[in-house]
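Following: one structure in structure tokens, then a few remarks.
Quick note: the coordinates plus some simple rules give every number you see, no bench work behind them. Quick caveat: nothing in here was measured; it's all calculated off a predicted structure. Glycine gets a Cβ as well: all are built from the backbone with ideal geometry, and neighbour counts include every protein chain shown.
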Amino acid sequence: MPVKRRWLPFSPWHLLLMPMSLIFVLPLVQMVLASFMSKKQLNRFPPQLIPTSFHIEGYAKLFAQSHILLWFLNTVLVSTISVVSHLVLCSLAGYGFARLRFVGRGVAFIAVLATVMIPIQLLMIPTYLLFARIGIVDTIAAAFVPWLASAFGIFLMRQFFLSLPVELEEAARIDGAGALRTFLNIVLPLARPALVTLAIFTLLSSWNDLLWPLVAISDDTRFTLQVGLASFQGTRRTEWSQLMAGNVVATMPLILAFLVAQRRFVATMTFTGLKG
Amino acid sequence: MTVTFAASAGTQPARHQQPSGRRPRGRTIRRTLTGWAFAGPATIIVVGLSIFPAVWAFFIARTRWNGIAPATDVGWRNYERVVQDPDMGAAAQHTVVLTALFVPSAILLGILIAIALNQRIRLIGFYRTCIFVPYVASAAATGILASWVFNPQFGGANAILSRLGLPQQQFLESPSQALVVVCVIALWGEVGFATVVYLAALQDVPKELIEAAIVDGAGRFKVFLHVTMPALRPVTVFMAIWETITALQMFDLIYTTTRGGPLNSTQTVVYYVYELAFQTQRLGYGAAVAYLLFAVTMLLTLAVIGYGRRGGREAF
């Protein structure tokens with residue numbers, strides 16, 4: 001066996017990974033710490049990394065001077081509706097495109113795939129006008145309607161259903177089960193991993209969306225967290241502890257979910273990248 | 001990794017034996033109704049919220065309209081104005097610079113970090129978590145956080161520079177630096193995605209290939225160059241398209257860091273469309289700019305796919 005020469009007591013990859021990790025995670029740590037600092041502590045140069053004392057004035061002012069609680073509830077509502085609707089509509093459509101034979105299937109599926117090429121800027125103006133026509137401007141519906149279903153979701157579910165062995169379904173059909181019964185009782189219970197991936201994708205997209213609620217909602221009690229924070233930032237450019245407190249409220253739910261279910265999140269990102 | 005939809009769309013054999021008493025036409029209608037009941041709602045939402053508005057935008061782009069007063073038809077004149085508009089020229093230039101900085105950096109960093117994270121060393125789980133976590137933070141929150149980190153007076157970035165004995169910088173408040181800083185912030189938020197994708201692709205590279213190359217006497221670097229890199233090619237084509245679209249469509253981050261400033265130095269085409277449509281109420285002209293961006297994006301995507309195909313053929 002050749003003896004590996006080691007010029008360091010540890011792998012040289014640590015020299016790259018340690019600073020990289022700090023670059024990625026320190027700003028987030030600073031964000032949390034800064035949200036607990038007073039204005040005086042924050043307006044100091046060089047900035048303190050670890051505060052000598054903790055203050056909650058940032059949070060107190062944030063909750064007193066903005067509708068952050070409403071924004072949080074609106075965002076939870078928007079994300080819940082988006083995720084549930086995605087799970088129901090995209091799995092139904094995915095199954096339809098994967099397994100059912102019907103007139104217009106090919107055209108409809110190509111139309112769905114073609115939509116991913118249309119950029120959001122092209123849609124900004126007419127979608128706003130469409131929302132105005134159907135009367136959902138300035139309601140939180142404007143924040144979730146764009147996330148009721150997506151081409152990515154339909155495609156993801158279709159690919160998953162195509163990968164399932166067809167024999168189970170055939171057996172159910174021969175036993176007299178209709179398409180819906182087969183789908184609900186046989187196929188859907190097998191689809192859990194795909195549904196989790198879809199739910200995470202939709203949660204990330206709808207929770208973090210800024211553009212749609214920004215163009216369609218101007219009533220500040222109907223804001224989502226992202227729009228609320230952006231507008232709060234516009235009026236309080238230098239109130240860093242309040243802004244960081246808002247950032248913590250807006251990002252921590254997803255960061256905690258990520259830390260708890262990292263494997264599922266990474267699987268979702270991988271799927272987006274490799275199959276999307 | 002392989003996209004299978006093209007092969008499978010037409011390969012659904014008629015599986016169900018036709019019950020003897022039913023006429024085939026009735027069965028076709030019933031099947032079609034069932035199929036549309038499944039696929040219809042999602043399809044109508046997805047197509048209705050993209051293809052329909054995109055066609056509508058084409059007609060809006062042929063008008064002069066502020067959204068309230070009746071629109072006047074101006075034909076192709078909006079497009080003629082786009083070409084002559086100096087603001088549009090500047091916005092296009094910023095978009096090209098941003099894309100040219102962002103896309104190669106994201107891909108190279110993604111590959112580099114993915115290779116590092118693919119090593120079997122201690123703390124690797126900790127490193128992965130740290131590097132992936134910014135991806136779940138919204139671009140809006142990232143922008144707000146970054147505008148504090150890069151704040152010239154109290155921010156952490158200048159603190160590090162002064163610790164290193166380097167001159168203080170204006171970052172997002174300097175017209176010459178803001179676009180680069182925006183790009184750095186975007187990389188911070190997006191590289192996690194590229195890394196995850198490359199990490200998965202690296203783990204798909206067949207071990208036998210690498211071992212065979214080592215047996216044949218190839219060094220680590222040669223293995224990487226002649227075995228790993230060609231295996232990553234399809235993913236890189238995808239990432240190039242994905243990151244180009246990300247750069248071309250970047251909006252949230254610019255909105256929460258610079259709002260297009262200072263002196264319009266970070267005003268990209270997307271941001272310009274937003275300004276035209278929702279700040280200055282020039283809907284027709286905004287739609288024309290958006291259509292032009294769409295055309296350029298399409299051409300770029302096709303060019304990248306074409307380049308990827310051609311390169312792929314040369315490699316084999």
Looking at the range A:5-41, which trypsin sites (Lys or Arg not before Pro) are DSSP coil and have at most 10 other C-beta atoms within 10 Å of their C-beta?
A:ARG5, A:ARG6
Using the beta-carbon distance between B:ARG64 and A:LYS40 and R0 = 51 Å, what value does 1/(1 + (r/R0)^6) give for FRET efficiency, to the nearest 0.05?
0.45
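Take chain B, mark every one of the trypsin sites (Lys or Arg not before Pro) that falls in a DSSP loop and has at most 13 other Cβ within 10 Å, then report the longest stretch left between them, sites excluded.
Values: sites that count: B:ARG15, B:ARG22, B:ARG120, B:ARG122.
Longest site-free region, per DSSP loop and neighbour criteria: B:123-316.
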Provide the convex hull volume over Cα atoms per residue for the range A:55-177, in Å³.
200
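Over chain B, what is the relative contact order in percent, taking alpha-carbon pairs closer than 8 angstrom and at least six residues apart?
Values: 303 pairs, mean separation 84.7, N = 316.
Rounded, it is 27 percent for chain B.
How high is the relative contact order of chain A, in percent, with contacts defined as C-alpha pairs under 8 Å that are six or more residues apart? Don't skip to the end; give the middle numbers.
Numbers: 272 pairs, mean separation 87.4, N = 276.
Result for chain A is 32 percent.
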Starting from 0.36 nm per residue, how many nanometres of slack lie between B:ARG25 and B:ALA100 once their C-alpha separation is accounted for?
21.3 nm
Within the range A:69-169, trypsin sites (Lys or Arg not before Pro) in DSSP loop having at most 15 other beta-carbon neighbours inside 10 Å
none
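So how do A:MET124, B:MET298, B:MET239, B:MET88 line up by other beta-carbon neighbours within 10 Å, fewest first?
Working: A:MET124 27, B:MET298 13, B:MET239 23, B:MET88 20.
The most exposed by this proxy come first: B:MET298, B:MET88, B:MET239, A:MET124.
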Highest-fluctuation residue, A:GLY58, A:GLY104, A:GLY96 considered, GNM on chain A with Cα pairs under 10 Å:
A:GLY104
Quick one: putting +1 on the C-beta of Lys and Arg, -1 on the C-beta of Asp and Glu, what dipole do you get for the protein assembly as shown around its Cα centre, in Debye to the nearest 20?
1360
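Quick one, could you list the DSSP H helices from chain B stretching 20 Å or more along their long axis (Cα atoms) with average Kyte-Doolittle hydropathy of 0.5 or above?
For chain B, where a helix must reach 20 Å along its axis and average at least 0.5, the hits are B:86-117, B:178-204, B:229-248, B:283-315.
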Any idea how far apart A:PHE10 and B:MET298 come out in nm if each label point goes 7 Å out from Cα toward Cβ?
5.3
Residue of A:ILE110, A:ILE217, A:ILE140 that the Gaussian network model of chain A assigns the largest fluctuation, springs spanning Cα pairs under 10 Å
A:ILE110
At the level of C-alpha centres, the distance separating the range B:51-108 and the range A:254-269, in angstrom, is 37
Say each of A:GLU167 and B:GLU80 gets a label point 7 Å from the Cα, pointing the same way as Cα to Cβ; how far apart are those two points in nm?
7.0
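For the range B:215-316, how big is the tail of P(r) above 25 Å, as a whole percent of Cα pairs?
Value for the range B:215-316 (Cα pairs over 25 Å): 44 percent.
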Could you pull the Rg and Dmax for the range B:43-153, using just the Cα atoms, both in Å?
22.4, 67
The set of residues whose placed amide H lies less than 5 Å from the amide H of B:THR63, leaving out same-chain residues fewer than 5 positions away, is B:VAL74
For the range B:94-198, with equal point scatterers placed on the C-alpha atoms only and solvent neglected, what are the log10 I(q)/I(0) values from the Debye formula at q = 0.23 1/Å, to two decimals?
-1.21
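Using the scaling law 2.2 N^0.38 Å as the reference, what is the normalised Cα Rg of chain B?
My calculation over the Cα atoms of chain B gives 1.29.
Ranking B:THR72, B:THR257 by Cβ neighbours within 10 Å, fewest first, what do you get? Present the calculation step by step, with values, prior to reporting the outcome.
Details: B:THR72 9, B:THR257 27.
In order of increasing Cβ crowding within 10 Å: B:THR72, B:THR257.
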A correct Stokes-Einstein calculation for the protein assembly as shown, using the alpha-carbon Kirkwood radius, 20 °C and 1.002 mPa s, returns a whole-number D in µm² s⁻¹ of 82
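Could you calculate the FRET efficiency of A:ALA114 with A:LYS61 from 1/(1 + (r/R0)^6), where r is the beta carbon distance between them and R0 is 56 Å, rounded to 0.05?
On the way: r = 48 Å, r/R0 = 0.86.
Once the sixth-power term is evaluated, E becomes 0.70.
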Order of B:SER174, A:SER21 under a 10 Å beta carbon neighbour criterion, fewest first
B:SER174, A:SER21
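At a Förster radius of 30 Å, what calculated FRET efficiency corresponds to the Cβ-Cβ distance of B:LYS222 and B:LEU166, to the nearest 0.05? Could the numbers behind the result be given before it?
On the way: r = 38 Å, r/R0 = 1.27.
Calculated value: 0.20.
Quick one: which of A:225-236, B:137-148 comes out on top by average Cβ neighbours within 10 Å, and what's the full order, highest first?
Values: A:225-236: 21.7, B:137-148: 25.8.
In descending order of packing, they fall as B:137-148, A:225-236.
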Given the options B:ILE29, B:ILE44, B:ILE305, state which has the largest fluctuation in a GNM of chain B using a 10 Å cut-off (strictly under) for Cα springs.
B:ILE29
Can you compute the modelled spin-label distance between A:THR80 and B:PHE126, with each label point 7 Å from Cα toward Cβ, in nm?
3.8
How are the C-alpha pair distances of chain A spread across 5 Å bins, as whole percents from the shortest bin up?
1, 5, 9, 11, 13, 13, 12, 10, 8, 6, 5, 3, 2, 1, 0, 0
Leaving out same-chain residues fewer than 8 places away, which aspartates and glutamates sit with a Cα under 16 Å from that of A:LYS39?
A:GLU57, A:GLU239
How large is the helix-only mean residue ellipticity at 222 nm for the protein assembly as shown, computed as the sum of -39500 (n - 2.57) over DSSP H runs with n ≥ 4, divided by its residue count, in deg cm²/dmol to the nearest 500?
-21500 deg cm²/dmol
For the range A:127-276, the Cα-Cα pair-distance distribution in 10 Å bins from 0, as whole percents, is 10, 27, 28, 22, 9, 3, 1
